[in-house]
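What follows draws every value from the coordinates through simple rules; no lab data is involved. All figures in this text were calculated on a predicted structure; none of them were measured in a lab. As a convention, Cβ positions derive from the backbone with ideal geometry for all residues, glycine included, and neighbour counts pool all protein chains shown.
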Amino acid sequence: MPRTVTVGLDDSPESLAAAEWAASLGLPLTLVQVWEPVPEPMAQAPLLGPETHQHWTDRVPREAADGLRRRHPGIEIGTTQVTGHPADALIEASKDAELLVLGSRGLGGVTGFLVGSVGQSVVANTHRPVVLVKKDPPVSTGPVVLGLDIDRPDNTLITFAFEAAARHGVPLRVVHAWNPPPYVAYGTPADPTLHEALLQEAAEKLAEVLRPWRSDHPGVEVFEQVRYGNPAVRLVEAARDASLLVVGRRTRHNPFGTHIGHVTHAALHHCAAPVAVVPHD
């Protein structure tokens, strides 16, 4: 089966930016438009009449696909329309894809951006990697940045980041951060010697974790960073010049809650670059 990318499409600037970003990967695209059923009385309302339905199911995907073909000649681009709840329909439509790409609504400034209920539900429940793209993603040749927990490193997550860096032809920056020791919260003075020892130990462990991937991807320039402080804050800081931020989401089977983790949640809300969320065990 050929490697394909699925893009959730509507007529918003964010989803069009997501489609543009996906096309830059050079892989076959499928633009998926979800038509959510409405109660029959509402369906008869003037704003939801035949003309509006035609706009959603025909003109929007056709024009989007035509524009992408002009700007990215040679890429295979297909369109499809499905009916159902948007999050469920997108998850189903992308189950055989290599990647699902969605737009994220931007709030701008220090407030970050609103992922939206559909995007958050997809990220929390899909088994495929998801990339969320803002309306105006930075035009950047900056590195791919990977946030990595060296105590529980995952092969799927690391492989995704190395392959993304290789595909985009940019360096890979791998960031590991950890919270201050508990004694800091009680006002106990920090121990510089202990801090330096912990830093060195973490750096050595990170290098050991990444060694097999460095060997398998000799063309990828890798920078390793070990940082002291809140992991979510440090990762967002490290991704300020990123072309893509890669974070993980540990798969859980509890049906309650969104289960995306506080670091991933912070990345989705505060990183300007596209954010890839990779589910793993």
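Quick notes on this structure:
- If you plug the beta carbon distance of Val82 and Thr251 into 1/(1 + (r/R0)^6) with R0 = 25 Å, you get a FRET efficiency near 0.55.
- Alpha carbon centroid spacing (whole Å) that separates the stretch 191-219 from the stretch 148-169: 15 Å
- Going from the fewest other Cβ atoms within 10 Å to the most, the residues Lys135, Lys95 appear in the order Lys95, Lys135.
- Potential extension, Leu194-Ser24 segment - 0.36 nm per residue separation minus Cα distance: 56.6 nm
- From most to least packed by mean Cβ count within 10 Å, the peptides 146-159, 236-249 give 236-249, 146-159.
- Each residue of the stretch 62-68 was assigned a 3J(HN,Hα) from its phi angle through the Karplus expression (A = 6.51, B = -1.76, C = 1.60, θ = phi - 60°), giving 5, 5, 4, 5, 4, x, 5 Hz with x at Gly and Pro.
- Candidate cross-link partners of Lys135 among the aspartates and glutamates, defined by an alpha-carbon separation under 16 Å and a same-chain spacing of 8 or more, comprise Asp10, Asp11, Glu14, Glu20.
- For the listed peptides 122-130, 65-73, a ranking on the average number of other beta carbons within 10 Å per residue, highest first, reads 122-130, 65-73.
- Net charge of the neighbourhood of Leu148, taken over other residues with C-beta under 14 Å away and scored Lys/Arg +1, Asp/Glu -1, is +4.
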